[in-house]
Amino acid sequence: MGKRDYYDILGISKNASDDEIKKAYRKLAMEYHPDKNPGDKTAEENFKEASEAYEVLRDSQKRQRYDAYGHAGVKGQPNPFEGMEFDLTDALRTFMAGGFGGFGDIFGMGGGNRREQKMRGADLQLKMRLTLEEIATGVTKKIRIKKQVKCGDCSGSGAHAGSSSTTCPGCNGAGEVRQVSRSILGQFVNIATCSQCRGSGQIIEHLCTTCHGEGRAQASEELEIDIPAGVATGNYLTIQGQGNIGPKGGPPGDVIIIIEEQEHEYFERNGDDIIYELPISFVQAALGDKVNVPTLTGVAEIDISAGIQSGKILRMRSKGLPHLRQHHRGDQLLRVRVWTPTKLNKEERRILEKLRTSENIKPPKSIKSVFEKIKGVFN
Ligand SMILES: [Zn+2]
Ligand SMILES: [Zn+2]
């Protein structure tokens, strides 16, 4: 299924202003926001779709590329929506980053209990290099990552054992401070996390001596990651909840794996097709033959028809890479190259000399006419 046009999704014209884009997105986001449509999958899809369109069109550079090249123009860019695991969290993050303030404000839910909303830990990004063979079959990789985990001595609270805590004077225990701000979309009540207590509403008397009140410690953990077949450089894989844990027991961020494909010694990739240069002797080219060809999944036999020319492309159906998250595969394309021998023994030379003047050995007459034309130019 092809992707829908971003302008169509937002219901705007190609020359919509930034303001129109923002307004259109805001309208759709409010209509389809998961909080307003709990459990409605269609609304969730619409919300993601609108967020993706907005993510591209609000950025003038991405928008230019999209206008010029379509979806392909914004593919492979460092853009979380290009990932294979486009999840709702990403869309919600866009929504929040869209300059509309917290979404509670948009839906008139501001002033809720922020104390429960602890700070989320950071995402961890890492690159993963894969061979074409691994991409062809999909692979499970074990990686070791350094990340922040819950401090074992205070269970993430940041408080020393037996230590009491008092109400934060900065926010009177609310964990948040209210600020009124103005933007082009109107006036917003901005609710910020209290900087004195970092949102907890409490000031701890004695901090945990291990983590100094942070609630976190550095650790190294092994992670097993299933990479699906057919991924490409620039694809993202989001592993939810495996990033750094938030301070003072806040929720963890994600691990984001960025795929990088290693160059292959023999194979060239073109989308999901694999290109392989097939060298054959001129005898094979003239007489035809059966030859063995390496593919990503093993050796395959192919027929060379008599009289094949150098540069001819042969297609081996479904011998390429699997399409990501689909059942069919690309093809392997063989680029035939007739190889010329560089050493000849006496016998070989004798046989070839005998053929030298044979009419069928000479390239077609068209070559002659080229010479005639060139002569005409210079005379
Ligand atoms: Zn406070
Ligand atoms: Zn601690």
**OP:** Tell me the label-point distance for the pair THR137, ASN15, using the 7 Å Cα-to-Cβ offset, in nm and rounded to one decimal.
**Re:** 5.6 nm
Original post:
Given ILE313, ILE274, THR131, which one lies farthest toward the positive end of the charge dipole of the chain, if we put +1 on the Cβ of every Lys and Arg and -1 on the Cβ of every Asp and Glu?
Top reply: ILE313
**OP:** Would you pull out the residues with amide H under 5 Å of GLU176's amide H, same chain only if 5 or more places away, H placed 1.01 Å from N?
**Re:** CYS194
Original post:
In debye to the nearest 20, how big a dipole does the chain give about its Cα centre with +1 on each Lys and Arg Cβ and -1 on each Asp and Glu Cβ?
Top reply: 1280 debye
Subject >> Among HIS212, HIS264, HIS327, residue whose mean-square fluctuation peaks in a GNM of the chain (springs only between Cα atoms under 10 Å) >> reply: HIS327
Subject >> Net charge dipole size for the range 267-378 [Lys, Arg +1 and Asp, Glu -1 on Cβ; Debye, nearest 20] >> reply: 400 debye
Original post:
Per-residue HN-Hα couplings for the range 277-286, Karplus 6.51 cos²θ - 1.76 cosθ + 1.60 at θ = phi - 60°, whole Hz, x for Gly and Pro?
Top reply: 8, 9, x, 10, 7, 5, 5, 4, 4, 7
Original post:
Can you pick out the pairs among LYS27/LYS147; LYS48/LYS127; LYS62/LYS127; LYS343/LYS373; LYS3/LYS36 whose Cα atoms lie more than 29 Å from each other?
Top reply: LYS27/LYS147; LYS343/LYS373
Original post:
How are the Cα pair distances of the chain distributed, in percent, across 10 Å bins from 0?
Top reply: 4, 15, 19, 19, 15, 10, 7, 5, 3, 2, 0
**OP:** Compare the Cα positions of LEU324, ALA161, TYR66 along the charge dipole of the chain (+1 at Cβ of Lys, Arg; -1 at Cβ of Asp, Glu; about the Cα centre) and return the one farthest towards the positive end.
**Re:** TYR66
**OP:** Residues in the range 216-260, backbone N under 11 Å from the label point at LYS146 (7 Å along the Cα-to-beta-carbon vector): list them, ranges by number please.
**Re:** 218-220
Original post:
Taking the Cα centre of the chain as the origin and placing charges on Cβ (Lys, Arg +1; Asp, Glu -1), which of PRO363, THR210, ASN190 is farthest toward the positive end of the dipole?
Top reply: PRO363
**OP:** Would you mind checking the range 177-212 for residues with the amide N under 12 Å from a putative spin-label position 7 Å along Cα→C-beta of THR166?
**Re:** 203-206
Subject >> Kirkwood Rh, angstrom, the range 267-378 [1 / mean 1/r, Cα pairs] >> reply: 16.9 Å
Subject >> Mean-position separation - Cα centroids, the range 161-177 and the range 295-315, in angstrom >> reply: 74 Å
Original post:
How much accessible surface area, in Å² rounded to 10, belongs to the heavy atoms of HIS328 with a 1.4 Å probe?
Top reply: 110 Å²
**OP:** With a bin width of 5 angstrom, please list the P(r) values of the range 291-357 as percents of all Cα-Cα pairs, from the 0 bin to the one holding the largest distance.
**Re:** 4, 12, 17, 16, 14, 12, 9, 6, 4, 3, 2, 1
**OP:** Go ahead and run the numbers for FRET between VAL370 and ASP289, Cβ-Cβ distance against an R0 of 41 Å, rounding to 0.05.
**Re:** 0.85
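The values are calculated or read from the model by the stated rules, or taken from the named source; none is laboratory data. Quick caveat, the model's predicted, so the values are computed rather than measured. Neighbour counts run over all protein chains shown; Cβ positions are idealised from the backbone, glycine included. Only protein heavy atoms, including side chains, enter the accessible area calculation; ligands, DNA and RNA are left aside. Shrake-Rupley method; radii C 1.70, N 1.55, O 1.52, S 1.80 Å.
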